[in-house]
Each structure stands twice: as C-alpha cells, then as structure tokens.
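Novice: Below you will find the structure I want to go over with you.
The values are calculated or read from the model by the stated rules, or taken from the named source; none is laboratory data. Note that the structure is predicted; figures quoted are calculated from it, not measured. FYI the Cβ positions are ideal-geometry reconstructions off the backbone, even for glycines, and counts take in every protein chain you see. Keep in mind that these areas ignore ligands, DNA and RNA; they rest on the heavy atoms of the full protein, side chains included. Shrake-Rupley method; radii C 1.70, N 1.55, O 1.52, S 1.80 Å.
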Amino acid sequence: INQKKRKGRKSKESKESKRKSYKKKKGGGFFSAIGLTKGRLLLALGTAGLVFLLVQNGEYLYSKGLGILGMGSSSNSHGGSGSDAQLFPKVNFKPNFILFFPDDMGHNDVGYSNPDVYKPFSTPNIDSLAASGVKLKHYYSAHICTPARCGLMTGRYLMRSGCQHSDIENGVPWGVPLTEVFLPKYLKSVGYYNAMFGKWHLGYFTKYHTPLYRGFDEFVGFVGGGGDHYSHQNDGTYDWWSNSSIDASAKGTHSEVLWNSSIINFIETKGSSHQPWFMYVPLHSPHDPYEVPNTWIQAQKALNTGENDEEVITWAAMVMMVDDVVGSTVNALKLAGVYERTVVIYAGDHGSPSNKPNYQKSSGRDYPFSGNKGTIHEGGVRTPSFIHSPLLHKDWIGQNITYITSVYDWLPTLASLAGFDSTQFTNKIDGIDLTTLKLGNNNASIERTLLINLDNYCNGGGDDLSAAIRIGAYKMTAGCVTGDGTIKGNLAVYNLVTDQTESTNLLKNDNFVNTQATLIATMKAALSAYGKEAVNPMGKDAPWQGNDYFCANCGKGCANNGYLQPFYDTSGTRLFNCQNNNNDHHKENN
C-alpha cells in the first residue's frame, strides 16, 4: 500500500484523465463518479471531500474517507426555532428521495448504534451521515421481509392487506393486493420519476404485481425473496430482472456491485434532470448466504479485529460493502450537484437472525433488545434508521428522534415533502407525516398509538406471540387476537423506556395493575378493535388467503425454463404449463 501511495503521488497524469470515470469489467465500479486510474492510489479532493482509493490491476481495492459525508448542514432557518423547529421547513421545490432498506441489518449492525459495544466491522459512511442527520431511536419495522416491504410501500398496518403473517415464497399465487396503492404511484401523480434497485419480495405471480406496474419507472434486481449473490439463483431458479425482463447478463457479478453501478449511472444520467425522483434501494446484504467480493474480504482483514472465523469475516465485509454503497451514492449526489436537493433515508427492514454469525465478544446483533428476526419482541422489529439531508432544519441536525416512528411513516412523510395532498390518499394511511414534528414534541413517552403487528393466523393456536401494540412508553404483547376481537394467551405489558429488554411483565405487578387500569383497558380495547378489522393473512398453502380469495383454487407456480417469472393472469389462468417443465418450485429464505 505504501508503494502504491508513493506511486500515486508521483503521478503526473492530467486532471482530465484523473476525472475520467473508472469502470470495473463487471457491473461498473464503486466511486466511479470520482475517477480512478489503473494501478494508482489517488487522493480525490472535491465536493465529496478527501478519499483515499486504491486500485490495482483494474480492480478497486480499498477506500477510506476522512469524515467525507454529511459535512454540510442546512442553513435553513424557516419553520421556527428551538422547541418550535419543524423537522423539515417548507421549500419551494420538490426534493429528490433515496431510501436505503438493507436486509437483515439489526439494531446493533451499524457502528453508530451502541458505539461503546464491540463490533467486528466499520461503517464510517453510515455513521457520518447519521451523526450529521437525525437518528430515529424508537423506530419500528416489521418482523420479516415481505411484511416490512408491504408496510413501507402502503403506509398501512399489515393486517389491512394480508401481509401480517408470512413472507411470499416462490410459487405462491399471491401478491400485495392491487387495491393497495404503493408509495411510488402517489409520487408519480405529482411528477416524480421512480427507480428501484434491489429486492422486491412483494409478489410476482401476475405481471401486475411486479415493480413497473406498481409505480416504478425502472427496476434492476430480483422479485423473489433471495438467493445466491453471484448466481442469482435460489434452488436452481434464476431471478434477476432489468425492468420487466429477465437479465441473464448479471450471472457471476455480486448483487450489490450491480446495484451500485445502477445507482451511480442513474445519478449521472438522470440525477440532475428537472424532474424530481425517488430512488428505492432495498439491498440484499448482509442477508445470507454470506458472500462478498475479495476486495471487501481484504479490507475487512486489514481492520485487524482479531476475528478468525471466515463466516464472521465475510459477514462483516458485507456490512462494510453496504456502507460503501451508501458512501458512493452520496458522493455521486455531491459530484452531480443534487445533494442539496436530496433527502437520504436509511432504515433496516427487520431484526437480525439470532446471533448468526456469532462473533467474538458479541453482545448480539440486536443488542440491547430481546428477540430477533421473526419475532415481535423489540429485537425483531426495532432497527437502525436515520434521515440525512441539507433540507433538515438546522436545529434538528445531530438530534435523536425519540418520538415513536415506524416503517409506515415513510409514505405520508415523502408524499408530504413531494407536495401530495394527503386528503387524496386512496386508502386509510396509518403512518404519520414526520415533516412537521417539532423538537418540543420529540419524546418517547408521548402517547402515539402504534400497532406493531396483529397476526390473526395466531401461529397455530396462540401459544406464541402474534400481536403487539405500543402506546407511549408502554408495549402490550398477546398470544393471539381473533377475528371477533378476543385476546388469548401470554398477555404482557412492558415499560420500554425503563425496560427495553422486555424482562418485567408489569401485569404481574399489583400496584401497576391498580394505578394503570385505564391504560391497560385502552391497550386491550385497541388490540381487540384491530382484530375485528383484520383481513385474512396470506398463507403458504391453498386457499392462500381464505376461500373468498380470487385464486383460492390456484395451484402453486413453477419456474419457466429455469427463470422466475409471472405464472398466472388476473383471472387465475396459468400462463405456462408446469408439467414436464423440469423446474419444480422450491422454497426460499426469508
């Protein structure tokens, strides 16, 4: 590395050649907008700040930023000051939006969360953006992949659409109902161009359930729930799309490398257009299988964390890779001159798997919460999240939002910033508009009522927790809430301000029961009411969503000659015959 440094400093290449965009042979290169030269270490100094980049034999090896991201803060003083300061003051233009939604990135999987706790990875870009933005400290998502994406795209509680129970497995003839209007459709109605680079997992059994029919103008990624990061196959079924067509050219290139190239290309070609845009980036990393280019393996080993387990090293390198995608995206915004007009949101989709991989001195990937991915304990549904933008009120910069926030809030918040009339929402929206949140109301004990989830499938009988609601500081969990509003099994109440590990059930405290009888009754009544409103959940077997479901008698789908594609039309007629197709359907990971 020192040799490369000296070599780079002696380089007398012209400014023009240094700024020339560097592209990898497969899928483009990270920091392509900055410009690299083969076999050189360059000190790139520009609007993105100072970045060390090492390139050897035509391959990006390593980068190290020196506080490069989020250095500018808004000088906007509109919208009051002090306790009256609104999160987003009014502006006279439509901002651009980027929403990162990484997969399996739990509360403890970023550097800025629990900074005093050991972690075997480094996320300098994410940490810098969060520090110069606002961090959402009581942010809720859903317990697994499809529900989280469903809540994000609809702004509605999961039990209203059937998303409350399960992920959509390949071959299941179900998708989020077409009566649910997705966020990009609302944005499109007020002039936005919408791009998606990442994992869909909201249904594909008809073409009308795929991204381009739900409001996106372009799409690069996969429509199922996961698979190999390089082959893009899940049990032998290939799933990588460019817009509405299968793209076989992606084989052999890591998903995040492909998406990073798509992001940079989008910003370079469309970022500075007069049309405002929304970019949705639901990354697949650091979800297993744990795979990452050697570039990041070597960069991770260079941190000298003392970790020797290859699975831990690879997973930590995937976290680093996510951080680099975020960093290169914001650098590209600055170089394209659109950073000042853009709102960047980062939010995990759900908790992490239970201590997998289990690194040395690990406090748990969802620390300090109990539970993990797949549960409605805090560890399953509380994730890292922040907003970064020069458009934030200056008094909010560096603040923590301790008011209760959720995945349902992004739709009304972005719609509001885009100038959409909230009286024109097609369906009831359960999220709240965060743009007018004031510093004086930023408190976790303020009594916002948030339904975390209500799964009326009840996990087979109510022995496991399937319902949770939060009102202010308190969370109530229940084993089951049935369609007639009956609450069954395992009822508990926790004070999450004083007991974030959910270790003390206050219903066993006579003094609490006596003094907080009204609160307890209110929470139970809310759960009961939501139970009566809940639609049938999507299941993994026929009749899929109850006997009234239009495709209740539809059989499971299959791949089409090895490719994952829509297999029914909206009348329930098969588009191709699965017999003798040699592509029986297989299950997928969450």
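Novice: Using a 1.4 Å probe, what is the accessible area per residue for region 430-567, in Å²?
Specialist: 45 Å²
Novice: Multiply the residue separation of residue 533 and residue 116 by 0.36 nm, subtract the distance between their alpha-carbon atoms, and state the gained length in nm to one decimal.
Specialist: Once the chain is fully extended between residue 533 and residue 116, it gains 145.8 nm.
Novice: Could you check the simple spin-label distance between residue 525 and residue 273, using points 7 Å along Cα→Cβ, in nm with one decimal?
Specialist: Each label point is offset 7 Å from its Cα along the Cβ direction, giving 5.1 nm.
Novice: Let me ask another. If you scale each eigenvalue of the Cα gyration tensor by 5 and take the root, what three semi-axes come out for region 289-385, rounded to whole angstrom and sorted largest first? Present the calculation step by step, with values, prior to reporting the outcome.
Specialist: On the way: eigenvalues 143, 92, 18 Å².
So the equivalent ellipsoid measures 27, 21, 10 Å along its semi-axes.
Novice: Sticking with this one: Could you pull out every residue, at least 5 positions away or on a different chain, whose amide H is within less than 5 Å of the one on residue 113? Hs are placed 1.01 Å off N in the peptide plane, and Pro or chain starts have none.
Specialist: Placed amide hydrogens put nothing under 5 Å from residue 113.
Novice: Using a cut-off of under 20 Å, list every residue of region 470-493 whose amide N is near the label point 7 Å from the Cα of residue 509 along the Cα-to-beta-carbon line.
Specialist: 470-478, 490-493
Novice: Report the accessible area of residue 311, computed with a 1.4 Å probe over the heavy atoms of all protein chains in place, in Å² rounded to the nearest 10.
Specialist: So the heavy atoms of residue 311 present about 80 Å² to solvent.
Novice: Now, a different point. Within region 171-189, which residues have the backbone N less than 12 Å from the label spot 7 Å out from residue 548 along Cα→beta-carbon, could you tell me?
Specialist: Zone members listed by number: none at all.
Novice: For region 131-176, place one equal point scatterer on every Cα, skip the solvent, and apply the Debye formula. What is log10 of I(q)/I(0) at q = 0.14, 0.23, 0.25 Å⁻¹?
Specialist: Debye output, listed in q order: -0.41, -0.80, -0.89.
Novice: For region 386-393, in order, what is each residue's ³J(HN,Hα) by Karplus, 6.51 cos²θ - 1.76 cosθ + 1.60 with θ = phi - 60°, in whole Hz (x at glycine and Pro)?
Specialist: Result, rounded to whole Hz: 8, 10, 10, 5, x, 7, 5, 4.
Novice: Averaged per residue, what accessible surface does region 257-376 expose to a 1.4 Å probe, in Å²?
Specialist: Per-residue value: 31 Å².
Novice: Let me ask something additional. Each residue of region 273-280 in turn: what ³J(HN,Hα) in whole Hz from Karplus with 6.51, -1.76, 1.60 and θ = phi - 60°, glycine and Pro shown as x?
Specialist: Per residue, the Karplus-derived 3J(HN,Hα) values read 5, 6, 7, x, 9, 10, 10, 9 Hz.
Novice: Quick one: accessible area per residue over region 135-239, 1.4 Å probe, rounded to a whole number of Å²?
Specialist: Value returned for region 135-239: 19 Å² of accessible area per residue.
Novice: About its Cα centre, what dipole magnitude does region 318-365 give when the only charges are +1 on Lys and Arg Cβ and -1 on Asp and Glu Cβ, stated in debye to the nearest 20?
Specialist: Dipole of region 318-365, to the nearest 20 debye: 160 debye.
Novice: In whole Å, what is the distance between the alpha-carbon centres of region 364-409 and region 80-149?
Specialist: 6 Å
Novice: In whole Hz, with x marking every Gly and Pro, tabulate ³J(HN,Hα) for region 534-550 from phi via Karplus 6.51 cos²θ - 1.76 cosθ + 1.60, θ = phi - 60°.
Specialist: Karplus-based 3J(HN,Hα) across region 534-550 equals 5, 8, 4, x, 5, x, 9, 9, 4, x, 6, 9, x, 5, 8, 5, 4 Hz.
Novice: Can you send over the carbon and sulfur percentage of the accessible area for region 249-304, probe radius 1.4 Å, protein chains only?
Specialist: 46 percent
Novice: Here's a follow-up. At R0 = 51 Å, how high is the FRET efficiency between residue 84 and residue 561 if r is their beta carbon distance? Nearest 0.05 is fine.
Specialist: E between residue 84 and residue 561, to the nearest 0.05, is 0.25.
Novice: Then there is this: Distance in nm between label sites at residue 235 and residue 571, each 7 Å beyond Cα in the beta-carbon direction?
Specialist: Modelled inter-label distance: 3.1 nm.
Novice: Roughly how big is region 446-521's charge dipole about its Cα centre, with Cβ charges of +1 (Lys, Arg) and -1 (Asp, Glu), in debye to the nearest 20?
Specialist: Computed charge dipole of region 446-521: roughly 160 debye.
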